[in-house]
Amino acid sequence: MTANRSEAPFLISRLAAIVGETSVVTDPTSMSPYLAEPRDLYHGRALCVLKPRTAREVGDILALCNEAGAPLTPQGGNTGLVGGQTPDASGASVVLSLERLSRIRAVDPIADAMTVEAGVTLAQAQEAAETADRYFPLSLASEGSCTIGGNLSTNAGGVHVIAYGSMRDLALGVEIALADGRLLSTLGALRKDNTGYDLTRLFIGSEGTLGVITAATLKLFPRPRSRAVAFLGLRDPAQALKLLNFVKDRAGPSLHAFEIASRSGVELVLRHIPGTRDPLAQPHDWYALVELAAFAEGEAERVAARILAAALGAHLAEDATLAQSLDQSGALWKLRESMSEAQKREGGSIKHDVAVPVNEIPHFIEEAGRRLRAAFPEARPIPFGHMGDGNIHYNVSQPVGADKAEFLARWGEVNAIVHGVVRELGGSISAEHGIGRLKRDLLRETKDPAALDAMRAIKTALDPKGILNPGVLL
């Protein structure tokens, strides 16, 4: 922290000399959108909000903050769900918004790579790839507002991890502003570089605690020419696991997504989200949403139709529908992507972004539900998510008619139950949202102590004064 609050005006004036007066925000009303996160769990205060336009300005800001001992909170689209982008309540932090670093620096369809700055939104990156007849596969519900820098800082996953991996798998290189102001770059379209430590992957997922990502070179892929989206009614998660393996065996790399949801979750969407409807004639206890993609016109639809018929014939699903248009595909995806919003309309929700081995998903859902019912008989578990890669969003909605504040006050008790099952199965307490402030103490309780020591040593080496996102992750 700055040594003396009376020095704050001088620090702000020096920061303004780097970025210009119009890129420094100190008015409380104008700063307020940068000081709270989407779920309203965290509210902070800040010395100012800075909006640099270049990587060099970011580096100069970090050098000055490092000299002054001023804590700095990097922020992308402010869509994170664990408070990693929110400053603390001290009012000493400088919030560094990367929103103006928004250039597409290069798109190379021959090298299947593009270099974009940290403030480029995910939707803009997808559009840039499509303009070059290429495909960038990361897909998130917040893609219109989340940014590439934030996606990299949290190692975002999304619905296509089963086919393409997370952001660590989708990045070829990064440009980083270090705490001392130097710019470190591994940018470029190289697919193989065996010259020492993998610094690119080190910074991805570090949540702004080791440096500030200012740009990245991302992998591109051939653009699929056909897609097929199916919605299947199932008995239980065990049947879903059998169906997943059945589809993987027959679709191979064409399988782009395999999502599951309970009937209780679908009913919340049907109740609260306008324009949604039940896609099957009869309700089912569980559902799978399956997407295939192929590189020949009509191929995905033909393969999907064959697989669905075979799956129904093998009693691996109770019923199924295959979208016949883009509108129908969008309607099926809307049922899945509206889960969180529908839960919000029901009141308080205690959320868990966890991962377990794929083969353990049915056991995890059954055992977590059993233990929760024993401790909180009226609570409503709403599990859904990416069965294809083992990432389940195990959210627990408040009992009907319960007091929201009283329910949320039991967050720790519910966490202990759900995360207890996760640990027993060799899983992770954070699959794709990161640690942030929300899970910092949980990380200390669940991470291998030797791993934590190694992480702290890396943090100390790269940020000896501890100015980068203090209170986040470690």
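The values are calculated or read from the model by the stated rules, or taken from the named source; none is laboratory data. This structure is a prediction, so every number in the text was calculated from the model and none was measured. Note: ideal-geometry Cβ built from the backbone for every residue, glycine included; neighbour counts use all protein chains shown.
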Which pairs have Cβ atoms under 7 Å, sit 6 or more apart or on different chains, and link a residue in the range 82-105 that is not assigned by TED's automatic domain parsing to the domain that holds S153 to one that is of a type in the set (D, E) and part of a loop (DSSP other than H, G, I, E, B)? G83/E37; G84/E207; Q85/E37; T86/E37
What do you reckon, is T73 among the polar types (S, T, N, Q) and part of a loop (DSSP other than H, G, I, E, B)? no
Could you list, in sequence order, all residues of the range 189-241 that are free of Cβ contacts under 8 Å to residues at least 40 places away in the same chain, out of contact with any helix residue (DSSP H, G or I) (no Cβ under 8 Å at 6 or more places or on another chain) and not aromatic (F, W, Y)? L190, R191, K192, D193, N194, T195, G196, D198, L199, T200
Residues of the range 146-168 classified as hydroxyl-bearing (S, T, Y) and closer than 19 Å to P222 by Cα, total: 2
Answer yes if at least one residue in the range 313-320 is buried (at least 19 other Cβ atoms within 10 Å of the Cβ) and closer than 30 Å to G434 by Cβ, and no otherwise. no
For the range 416-445, give me each residue that is buried (at least 20 other Cβ atoms within 10 Å of the Cβ) and under 25 Å from G44 (Cβ atoms). I429, S430, E432, H433, G434, I435, G436, R437, L438, K439
Of these, R306, R201, R302, which one is part of a helix (DSSP H, G or I), under 26 Å from the mean Cα position of the chain (by Cα), at pLDDT 95 or above and on the phi < 0 side of the Ramachandran plot? R201
Going by the structure shown, is L184 at pLDDT 95 or above, under 26 Å from V94 (Cβ atoms) and either in a loop (DSSP other than H, G, I, E, B) or not acidic (D, E) (or both)? yes
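Yes or no, residue by residue, for (1) modelled with pLDDT under 95; (2) among the hydroxyl-bearing types (S, T, Y); (3) over 27 Å from D441 (Cβ atoms); (4) surrounded by 20 or more Cβ atoms within 10 Å (Cβ to Cβ):
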site	(1), (2), (3), (4)
A3	yes, no, yes, no
F10	yes, no, yes, no
R39	yes, no, no, no
L50	no, no, yes, yes
R53	no, no, yes, no
T73	no, yes, no, yes
G83	yes, no, no, yes
G91	yes, no, no, no
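Just to verify a result, which residue in the range 455-469, among those that are surrounded by 16 or more Cβ atoms within 10 Å (Cβ to Cβ) and charged (D, E, K, R), is farthest from I61 (Cα to Cα)?
Going through the range 455-469, the residues surrounded by 16 or more Cβ atoms within 10 Å (Cβ to Cβ) turn out to be 455, 459, 462-463, 465-469.
Next cut, charged (D, E, K, R) only: 459, 463, 465.
On the way: K459: 19, D463: 14, K465: 15 Å.
Per the stated criteria, the residue is K459.
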Criterion (under 25 Å from L241 (Cβ atoms), not in a helix (DSSP H, G or I) and not basic (K, R)) met by exactly one of V174, V159: V159
Across the range 419-474, the tally of residues that are part of a helix (DSSP H, G or I) and of a type outside the set (K, R) stands at 22
Residue check: is I392 assigned to a helix (DSSP H, G or I) and at pLDDT 95 or above? no
Against the conditions (1) assigned to a strand (DSSP E or B); (2) without any contact (Cβ under 8 Å) to a residue 24 or more places away in the chain, where does T22 fall short? Just the number, please. (1)
